[in-house]
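Following: one structure in structure tokens, then a few remarks.
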Amino acid sequence: MDIHQQYIDELLARQGSILQDAAPAKDKLAEIIRLLIGDMEKQGPIANVYFRELRHLKEENAQTIRAKRAEFREQIESVLLAGIESGEFRKELNPKMIAFAVLGVTNWSYQWFQPGGELTTGELAELYTDFILYGIMPAQY
């Protein structure tokens, strides 16, 4: 539980700093992607425990962590909604489903990504950012 609590609390704090910036939504989303991918290198085994071991927590602890994970996702949704409203992202997007997609793409990387391997964490974050943003931005943007 200590590992889960520390990991998600730090992510939420760093995400909060990103959200307070006056940057465009696309820049905030790119920064959140960099945050998530960068932690795989920075946190290493701690990140692996966070992603793999939720099912081994006591139910009350798991509920606490799930609520914080939901908060993190909902804040991604708020960035997406702001981007839709500003015209940065396509109007027909479903922010909740796109937030799940962003988290699915980034969080699953812990299964196969090896820092120091074929890609650096920065290169992977850029690849994902490009992939995600060009999928949600309107054609004329």
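The values are calculated or read from the model by the stated rules, or taken from the named source; none is laboratory data. Bear in mind the structure is a predicted one, so any value in this text is a computation, not a measurement. Cβ: placed from backbone, ideal geometry, glycine included. Neighbour counts: every protein chain shown. Remember, those area values only see protein heavy atoms, side chains included, never the ligands or the DNA or RNA. Shrake-Rupley method; radii C 1.70, N 1.55, O 1.52, S 1.80 Å.
With the calculation restricted to Cα positions, what are the radius of gyration and Dmax of region 16-66 in angstrom?
Every Cα atom of region 16-66 included, Rg and Dmax give 14.3, 40 Å.
Relative to the present Cα-Cα distance, how much length would full extension add between F51 and S78 at 0.36 nm per residue of separation?
Stretched fully, the F51-S78 segment lengthens by 7.4 nm.
Using a basic spin-label model with each label point 7 Å from the Cα along Cα→Cβ, how many nm lie between W108 and Q63?
The answer from the label model is 3.0 nm.
³J(HN,Hα) across region 55-64 via Karplus (A = 6.51, B = -1.76, C = 1.60, θ = phi - 60°), whole Hz, x for Gly/Pro?
For region 55-64, the Karplus-derived couplings read 5, 9, 7, 4, 4, 5, 5, 4, 5, 4 Hz, x marking Gly and Pro.
Using the 2.2 N^0.38 Å rule of thumb for compact globular proteins, work out how region 1-90 stacks up: its C-alpha Rg over that value, please. Working shown, then result.
Working: Rg = 14.3 Å, N = 90, 2.2 N^0.38 = 12.2 Å.
It is 1.17.
For region 46-99, what mean projected area does the convex hull of the alpha carbons give, in nm²?
Orientation-averaged projected area of the Cα hull: 4.5 nm².
For region 1-50, which whole percent of the accessible surface, found with a 1.4 angstrom probe, sits on carbon and sulfur atoms?
Of all accessible area on region 1-50, carbon and sulfur atoms account for 52 percent.
Setting aside same-chain residues fewer than 8 positions from K58, which aspartates and glutamates have a Cα under 18 Å from its Cα?
Partners found: D2.
For A22 and L127, compute 0.36 nm times the residue count separating them, minus their Cα-Cα distance, and round to one decimal in nm.
Between A22 and L127, full extension yields an extra 35.4 nm.
For K42, list the aspartates and glutamates whose Cα falls under 16 Å from its own Cα; do not include residues on the same chain fewer than 8 positions away.
Cα-Cα hits under 16 Å: D9, E10, E31, E123.
Which value, in Å³ per residue, describes the convex hull spanned by the Cα atoms of region 83-141?
Enclosed volume per residue, from the Cα hull, is 80 Å³.
Using a 10 Å Cβ count of at most 11 others and DSSP loop calls, identify the longest part of the chain lacking such trypsin sites (Lys or Arg not before Pro).
It runs 1-57.
Check each of the GluC sites (Glu not before Pro) in region 1-90 and keep only those in coil by DSSP with at most 13 other C-beta atoms within 10 angstrom; list them in order.
Those that pass, being in a loop and sparsely packed, are E53.
Give the accessible surface of the chain per residue, rounded to a whole number of Å², with probe radius 1.4 Å and ligands, DNA and RNA excluded.
Working: 7700 Å² over 141 residues.
Accessible surface, normalised per residue, equals 55 Å².
Tell me the mean residue ellipticity at 222 nm calculated for the chain from its helices only (DSSP H runs of n ≥ 4, each -39500 (n - 2.57), averaged over every residue, nearest 500).
Values: 6 runs with 104 residues, N = 141.
The helix-only estimate for the chain comes to -25000 deg cm²/dmol at 222 nm.
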